[in-house]
Amino acid sequence: MSRKFTDYFKDMTKILELAEKPEGSEFKQIFKIVMLGFIVVGALSFGIAMAISMLLTVFGVGVSP
């Protein structure tokens, strides 16, 4: 079992050695994609929450504040 951990950390070391810092344009592109993902997931979550709230209200099970 400790051999698995040793191999895992050796692999991680190799990956970190190969990794390099992104340039400004790459960083901006990654940032835009991540922010777009946050917005899409947030909008979907909001839409689902609103739909559930409406359904519960229609069926008289809604929670009043």
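The values are calculated or read from the model by the stated rules, or taken from the named source; none is laboratory data. Note that this is a predicted model, so its numbers are computed, not measured. As a convention, Cβ positions derive from the backbone with ideal geometry for all residues, glycine included, and neighbour counts pool all protein chains shown.
Being among the polar types (S, T, N, Q) and modelled with pLDDT of 95 or more is the filter here; which residues of region 35-65 pass it?
Ser45
Given the criteria under 21 Å from the mean Cα position of the chain (by Cα) and among the β-branched types (Val, Ile, Thr), does Ile15 qualify? Can you show your working first?
Details: under 21 Å from the mean Cα position of the chain (by Cα): no; among the β-branched types (Val, Ile, Thr): yes.
No: the conditions fail for Ile15.
Working only within region 1-18, note down all residues that are outside any helix (DSSP H, G or I) and modelled with pLDDT of 90 or more.
Let us first name the residues in region 1-18 that are outside any helix (DSSP H, G or I), namely 1.
Passing the criteria: none in range.
Got a sec? Which of Leu56, Leu44 is surrounded by 10 or more Cβ atoms within 10 Å (Cβ to Cβ) and touching a Gly at 6+ places or on another chain (Cβ under 7 Å)?
Checking each option against the conditions leaves just Leu56.
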